[in-house]
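Trainee: Please read through the structure below; I'll follow up with questions.
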Amino acid sequence: MSTFRTLDSLPDVHGKVALVRVDFNVPMNEGSVSDCTRIQASAPTILELADAGAKVLLLTHFGRPGGERHSTLSTSVIQGAVAQVLGHEVMFISELSGPVVEQSLGIFGPGGIGLLDNTRFWPGEEANDPEFARAIAANGDLYVNDAFSAAHRAHATTEGLAHLLPAYAGRAMQAELEALDKALGNPDPPVAAVVGGAKVSTKLAVLEHLVARVDHLIIGGGMANTFLAARGVAIGKSLAEHDLAAKAEAIMAAAEAAGCTVHLPYDVVVAKAFAAYPPSRRTCNVHEVAADEMILDVGPQAVESLADVLKTCRTLVWNGPLGAFETPPFDAATVALARTAAALTREGSLVSVAGGGDTVAALNHAGAAEDFSYVSTAGGAFLEWMEGRELPGVTALRGMAY
Ligand code: ADP
Ligand code: MG
């Protein structure tokens with residue numbers, strides 16, 4: 001991994017203006033913030049800068065206003081939550097640049113924190129307009145990007161600013177990049193990847209990238225059905241994408257050429273109806289699925305052998321649940337394998353990194369998230385990283401490294 005500057009190499013920032021890109025695109029419920037995780041994630045970065053005497057200006061997108069002002073999407077609605085999480089006064093500033101920002105900075109003492117309005121109110125944000133970025137940069141002395149989850153977008157405040165001011169990765173960005181590097185950039189081998197979830201089509205690029213990089217590719221969830229079907233296994237009425245059979249075969253061939261072992265379930269949990277604890281549920285060999293049954297989870301024998309695989313590995317990267325985990329008992333395989341990974345991580349024999357919206361929910365459900373080495377909540381950016389793509393926001397930071 002080429003390096004990037006972190007807050008460890010900050011010069012004296014007392015009285016200097018730090019433009020800090022965060023992702024405060026938090027979920028709302030009836031006008032108040034329903035989950036503060038994203039604010040908490042960037043609190044260390046913000047407070048570290050404020051404690052060092054910087055005047056901190058926070059930049060975030062919030063919803064999809066499409067380049068126009070919308071009162072309900074103003075960051076003023078999250079100002080209270082941000083102040084509460086930070087335990088620090090936060091001034092709302094209704095612009096991103098110009099005299100209003102300048103005047104606010106005049107009122108600030110060192111360590112003051114301001115929250116600028118929604119970056120996506122201005123079309124220049126998503127267009128990555130250099131004029132627009134220059135106007136924002138004019139009020140700043142340095143730029144800190146702490147929003148990994150927005151780093152797959154080349155926008156003015158996620159990418160453009162890094163070229164205009166001395167740029168640094170914030171603490172949350174740093175932690176994410178270090179964890180991802182340990183998982184796939186420079187992992188300790190052998191490496192296992194678990195890829196599950198509903199569909200192959202959403203993760204084709206992930207699978208194609210991983211086969212050349214990991215020693216074990218564990219395929220579960222609905223997407224395993226597509227692979228089984230491609231191998232000629234009768235999968236009844238299981239969710240599958242039969243039109244992707246050739247792609248699935250190509251992935252298996254690429255894996256074989258690269259020395260990557262692909263693990264498909266050899267026993268499965270099936271049912272005739274998709275419901276909680278359906279009476280028709282049973283565990284069977286993959287070759288015994290009846291025409292009116294669907295595969296809803298990986299079977300217990302397969303989970304046991306997958307656990308043995310993880311015991312031989314040093315690194316694990318996980319995206320996608322092994323079964324329809326929201327509906328019991330089809331959470332069993334995901335829960336069991338997640339707990340095995342958590343235990344191996346606790347013992348120090350495995351570095352485990354996971355990401356993906358449903359994956360995070362599944363690991364929380366299993367009570368395993370806390371013990372994973374790193375759980376990314378970045379969604380789209382995490383998947384693009386698993387596809388091996390350059391994230392423009394990260395590349396721009398690296399370009400700034402000494
Ligand atoms: P993530 O959000 O972590 O990237 P996905 O969105 O790709 O994960 O997939 C999660 C979904 O896949 C879950 O809603 C889960 O119920 C579904 N799923 C997993 N296994 C199966 C299966 N065998 N049949 C149908 N749906 C499944
Ligand atoms: Mg999902």
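Trainee: Taking the solvent-accessible surface of protein heavy atoms with a 1.4 Å probe, what is the per residue accessible area of the chain in Å²? Before the final figure, lay out each step's value.
Mentor: Values: 16170 Å² over 402 residues.
Computed with neighbouring chains in place, this is 40 Å² per residue.
Trainee: Across 5 Å bins from 0, what is the distribution of all Cα-Cα pair distances for the range 298-402, in whole percents?
Mentor: Taking every Cα pair in the range 298-402, the percentages come to 2, 12, 21, 21, 18, 11, 6, 4, 2, 1, 0.
Trainee: Another question, then. Let me see the pair-distance distribution of the chain: every alpha carbon pair, 10 Å bin width, integer percents in order.
Mentor: 5, 22, 27, 21, 16, 8, 2, 0
Trainee: What whole number of Å gives the distance from the Cα centroid of the range 108-151 to the Cα centroid of the range 233-282?
Mentor: Here the two parts' Cα centres lie 46 Å apart.
Trainee: Same structure again: If you count, for each residue, the other Cβ atoms within 10 Å and average over each peptide, how do 29-38, 333-342, 229-238 line up from highest to lowest?
Mentor: Values: 29-38: 12.2, 333-342: 24.1, 229-238: 16.7.
Packing proxy ranking, top to bottom: 333-342, 229-238, 29-38.
Trainee: Then there is this: How would you rank 282-288, 293-299, highest first, on the average number of other Cβ atoms within 10 Å across their residues?
Mentor: Listed from highest to lowest mean packing, they are 293-299, 282-288.
Trainee: Work out from phi, with θ = phi - 60° and the Karplus expression 6.51 cos²θ - 1.76 cosθ + 1.60, the ³J(HN,Hα) of each residue of the range 206-219, listed in order in whole Hz, and give x for Gly and Pro.
Mentor: So the J values, rounded to whole Hz, are 5, 4, 4, 6, 6, 4, 7, 10, 10, 8, 10, 10, 9, 9.
Trainee: Something else now. In vacuum, with every alpha carbon of the range 187-386 counted as one equal point scatterer, what does the Debye formula give for log10 I(q)/I(0) at q = 0.10, 0.14 Å⁻¹? Two decimals, please.
Mentor: -0.36, -0.73
Trainee: Shifting gears a bit: For q = 0.13, 0.15, 0.16, 0.22 Å⁻¹, what log10 I(q)/I(0) does the range 201-251 give under the Debye formula with an equal point scatterer on each alpha carbon and no solvent?
Mentor: -0.28, -0.38, -0.43, -0.79
Trainee: Sticking with this one: Within the chain, how many Lys pairs sit with Cα atoms under 24 Å apart, leaving out pairs fewer than 8 places apart on the same chain?
Mentor: 10
Trainee: Moving on to the next point. Could you work out what % of the accessible surface of the chain is carbon and sulfur, using a 1.4 angstrom probe and leaving DNA, RNA and ligands out of the count? Show your work: numbers first, answer last.
Mentor: Working: 8160 of 16170 Å².
Its accessible area is 50 percent carbon and sulfur atoms.
Trainee: Place the peptides 113-124, 153-164 in order of packing, highest mean first, counting for every residue the other Cβ atoms within 10 Å and averaging per peptide. Kindly include the intermediate steps, with their values, before the conclusion.
Mentor: Working: 113-124: 22.2, 153-164: 23.9.
Packing order, densest peptide first, comes out as 153-164, 113-124.
The values are calculated or read from the model by the stated rules, or taken from the named source; none is laboratory data. In this text, all values refer to a predicted model and were calculated from it rather than measured experimentally. Backbone-built Cβ (ideal geometry, glycine too); neighbour counts: all protein chains shown. For accessibility, only protein heavy atoms count, side chains too; no ligands or nucleic acids. Shrake-Rupley method; radii C 1.70, N 1.55, O 1.52, S 1.80 Å.
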